[in-house]
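Only the coordinates and a few stated rules stand behind these numbers; no lab work does. Please read all numbers here as calculations on a predicted model, not as lab measurements. Neighbour counts run over all protein chains shown; Cβ positions are idealised from the backbone, glycine included.
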Amino acid sequence: MVDDLDRTFYRELQPDRPAHEAQALAVSGLSLETLAEDGIPAEEAMRDFDEWLSANTPSHQKPVFVAFNVAFDWMFIQDYFHRYLGRNPFGHSALDIKALYMGAMGVGWLETSYNAIARQLDLPTRLEHHALRDALDQALIFRKILALSE
């Protein structure tokens with residue numbers, strides 16, 4: 001939750017198909033063998049995520065998916081929710097942090113790299129490429145951008 005960094009959700013999924021990107025695994029430090037043994041089945045993880053969203057979203061609101069370069073992360077979330085639950089609890093509600101930064105700061109797309117924004121907002125510039133840590137870093141960026149407009 002971008003407004004409460006103590007309320008987090010994280011699961012490591014078992015591989016659900018043999019195809020994979022070797023480069024992505026190398027960046028993340030994850031291993032298909034370890035995930036196959038220790039990960040959670042994708043359907044269970046998506047049910048858990050859906051339940052977490054329901055428990056952490058006020059009944060009169062709808063969750064909004066917020067991400068840094070939302071187009072990249074969104075395609076995985078959309079695919080997995082539809083594949084395993086038949087629906088996406090976010091619907092079509094997604095907000096891109098990079099686009100928000102462009103509007104708030106009046107800069108062009110080329111000035112919205114993670115490092116450029118982190119330097120401008122005085123945040124660490126090193127991404128760990130761990131889903132939860134990166135999500136927390138993105139939430140901090142989002143909150144700092146919102147604070148700029150207050």
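Charges only on Cβ, +1 for Lys and Arg, -1 for Asp and Glu: so what's the dipole of the chain about the Cα centre, in debye to the nearest 20? The partial results should precede the final answer.
Values: 13 positive and 23 negative charges, 102 e Å.
About 480 debye.
Here the stretch 1-29 is scanned for amide nitrogen atoms under 12 Å from the site 7 Å beyond the Cα of residue 64 along Cα-to-Cβ, giving 2-3. For the pair the stretch 30-98 / the stretch 1-29, the C-alpha centres are spaced 10 Å from each other. The length gained on full extension between residue 19 and residue 72, counted as 0.36 nm times the residue separation minus their Cα-Cα distance, comes to 17.3 nm. Highest-first packing order for the peptide set 94-106, 114-126 is 94-106, 114-126, based on the mean count of other beta carbon atoms within 10 Å. Between 8, 141, 75, the Cα set farthest toward the positive side of the dipole of the chain (charges on each charged residue's Cβ, about the Cα centre) is that of 141. Using the alpha-carbon atoms, what tilt in degrees (0 to 90, nearest 10) does helix 70-85 show relative to the longest principal axis of the chain? So the helix axis and the longest Cα principal axis differ by about 30 degrees. Rounded to the nearest 10 degrees, the inclination of helix 131-148 to the longest alpha-carbon principal axis of the chain is 20 degrees.
The alpha-carbon positions of the stretch 22-148 define a convex hull whose volume is 130 Å³ per residue. The C-alpha atoms of the chain define a longest principal axis, and helix 42-56 lies at about 40 degrees to it.
Shape class of the stretch 66-129 from the alpha-carbon gyration tensor: prolate, with a/c at 1.5 or above and a/b greater than b/c.
Going by how many other beta carbons lie within 10 Å of each one, how would you line up 110, 25, fewest first?
Details: 110 7, 25 13.
Lowest count first: 110, 25.
Taking amide H atoms as placed 1.01 Å from N in the peptide plane, the amide H of residue 13 lies under 5 Å from those of 40, each 5 or more residues away in sequence or on another chain.
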